[in-house]
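Peer 1: Here's a structure for you.
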Amino acid sequence: MRIVEGADAGRRTLLRRQPPGEETLPPDVLRRTREVVGDDVSTPAEAVRRILRDVREQGDAALLRYCRAFDGAQYSTLRIGGDEIRAAYDAVDRDVVAALRFAAGRIQTFHEEQRRHAAQSFLRDGVGVQVRPLARVGINVPGAVAIYPSSLLMTALPAKVAGVDEVLVATPAGPDGHVAPLKLVAAGIAGVDGVFRMSGAQAVAAFAYGTESVPKVDKVCGPGNVFVTEAKRQVFGEVGIDALYGPSETIVIADEAANPVLCAADLLAQAEHDELATPLLITVSQTLAARVGEEVERQLALLERRDIARAAFEARGGAIVVDSLEEALALANEFAPEHLCLLVRDAARWAALVRNAGGVFVGEMSPETLGDYTAGPSHVMPTAGTARFASPLGVQDFLKTTSVIGVDDAALRALGQATARIARAEGLTAHARTIELRLGDTT
């Protein structure tokens, strides 16, 4: 594991991000993309633009063509029937089903509490807002090889708690044309209103524009690869989106008393997500940094996804040794990580100094993995530094407010004179006359 000494050196190296939109496709991905989309595409943006156009113009035919080509699957029906979802429960271990139900209960309870504290409708002196859930949302749940039922729960349940009328899920099918039973069980537990076997930019396009089989939605949510992210960027305005998510990233801040075994385990838990993940340690102890590096090597051998985790460490992982915990917190706030783990003494005091992070995990007994599955808040969190201005997915992402103005005659008279004067000062005479006519000041 790379060890960098000093905050400034850390900023120049491990904490330096690639600017958004400058992604380059691996040669095999570019080759496959050109085979499917066209020889003249060279960037994700170009490929996505063509996929969106084709799905918008050709509907199901283009959607099925792209899904079959990219997923290597053969099927002709996009929407999954209730019988297939019910049958999936028999294909999943009963203890796993129970664990998913337990997680769903925790997630639902948390978001019900969040809903109580979310923006509420109010009307005061004839002026206020009304808060309403969205009518229909589409949720992207990636993964045909790696199965993520937790992502389905973490995205669908906040929408259901918010009161969205129709929650639809897009997820890829395997080569046999079937969606993993584990995902279908999660869909059943979450109570979603429809599951479609579709993936990638073409799924985003189907949700954004609608096809013969897929209804148009009001908002597209959920994580995905570079093509999904680019598709969400391009359809924004046609529909709403929650955010643009990048690869997983975690900063562990540790003092000299931290357990190097736990530090390494927490870093590896994020590194195994993706070769593009960012697992970083910031510590005040050179000795701890070295011991964590040794532990990373030892624990890598125990992992099923060791090759992925190792690639993440080699590309974007490492440790930064700084002079103080104050400096460590300052670096973390600058980087604004998706996950920030505080393996330090008096962790709650240091947590109060965190300004920018998707989620803060306070103390050695609060590993980020709890947040991934059963703690309650959604694990769909801002990445790539967007925690500076964005929040984790929650009930608020599925609500919208409408201003309401319904004043009486007395209120109109109290407000009208100033209103008309401002309108005339702006040269908007017609605006002013709508007030003056009501007040009887003109004809």
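Read-outs: derived from the displayed coordinates by stated rules, not from any lab. Predicted model, so just to flag it, every value in this text is computed and none were measured. Methodologically, a virtual Cβ is constructed for each residue, glycine included, from the backbone with ideal geometry; neighbour enumeration extends over all protein chains shown.
Peer 1: Give the order of 435, 320 when sorted by the count of other beta carbons within 10 angstrom, beginning with the fewest.
Peer 2: The fewest-first ordering by Cβ neighbours comes to 435, 320.
Peer 1: What does the extension gain come out to for residue 127 and residue 58, with contour length at 0.36 nm per residue minus their alpha carbon separation? Can you show the working numbers first?
Peer 2: Numbers: separation 69, 0.36 × 69 = 24.84 nm, distance 4.57 nm.
Residue separation times 0.36 nm, minus the Cα-Cα distance, leaves 20.3 nm.
Peer 1: Then there is this: Suppose every K and R has +1 on its Cβ and every D and E has -1 on its Cβ; what is the size of the dipole of the chain about the Cα centre, in Debye to the nearest 20?
Peer 2: Dipole of the chain, to the nearest 20 debye: 1140 debye.
Peer 1: Right, next: Nothing charged except the Cβ atoms of Lys and Arg (+1) and of Asp and Glu (-1): what's the magnitude of the dipole of the range 106-210 about its Cα centre? Round to the nearest 20 debye.
Peer 2: Using only the charged Cβ atoms, the result is roughly 140 debye.
Peer 1: Put +1 on the Cβ of each Lys and Arg and -1 on the Cβ of each Asp and Glu in the chain; which of 77, 87, 246 then has its Cα farthest toward the positive end of the dipole?
Peer 2: So the residue we want is 77.
Peer 1: Along the range 355-365, what does the Karplus equation 6.51 cos²θ - 1.76 cosθ + 1.60 (θ = phi - 60°) give for ³J(HN,Hα), rounded to whole Hz, x for Gly and Pro?
Peer 2: Couplings: 9, 10, 6, x, x, 10, 10, 9, x, 5, 8 Hz.
Peer 1: What are the lysines whose alpha-carbon lies under 17 Å from the alpha-carbon of residue 216, with same-chain residues fewer than 8 places away excluded?
Peer 2: 232
Peer 1: P(r) of the range 17-105 in 10 Å steps, Cα pairs, percent per bin?
Peer 2: With a bin width of 10 Å, the distribution comes to 13, 29, 23, 26, 9.
Peer 1: I would also like to ask the following. Starting from 0.36 nm per residue, how many nanometres of slack lie between residue 135 and residue 45 once their C-alpha separation is accounted for?
Peer 2: 29.5 nm
Peer 1: Kindly express, to the nearest 10 degrees and within the range 0 to 90, the angle between helix 325-335's C-alpha long axis and the longest C-alpha principal axis of the chain.
Peer 2: 60
Peer 1: Still on this structure: Taking the chain as a Gaussian network, where each spring joins two C-alpha atoms under 10 Å apart, which residue of 117, 431, 178 fluctuates the most?
Peer 2: Judging by the Gaussian network model, the answer is 431.
Peer 1: May I ask for the longest run of the chain untouched by GluC sites (Glu not before Pro) that are loop-located per DSSP and have at most 13 neighbouring C-beta atoms (other than their own) within 10 Å?
Peer 2: 23-211
Peer 1: Could you list 207, 102, 398, 227 in order of exposure, starting from the residue whose Cβ has the fewest other Cβ atoms within 10 Å? Before the final figure, lay out each step's value.
Peer 2: On the way: 207 32, 102 12, 398 27, 227 23.
Taking fewest neighbouring Cβ atoms as first place, the list is 102, 227, 398, 207.
Peer 1: Same structure, new question: Compute the distance from the alpha-carbon center of the range 205-220 to that of the range 296-328, in whole Å.
Peer 2: One Cα centre to the other: 40 Å.
Peer 1: Still on this structure, please answer the following. Would you mind telling me which residue in 55, 239, 217 has the biggest mean-square fluctuation in a Gaussian network model of the chain, where springs connect alpha carbons within a distance under 10 angstrom?
Peer 2: Taking springs between Cα atoms under 10 Å, the residue moving most is 239.
Peer 1: Still on this structure, I have one more. Roughly what % of Cα-Cα distances in the chain sit above 26 Å, to the whole percent?
Peer 2: Looking at the chain, the distances longer than 26 Å represent 62 percent of pairs.
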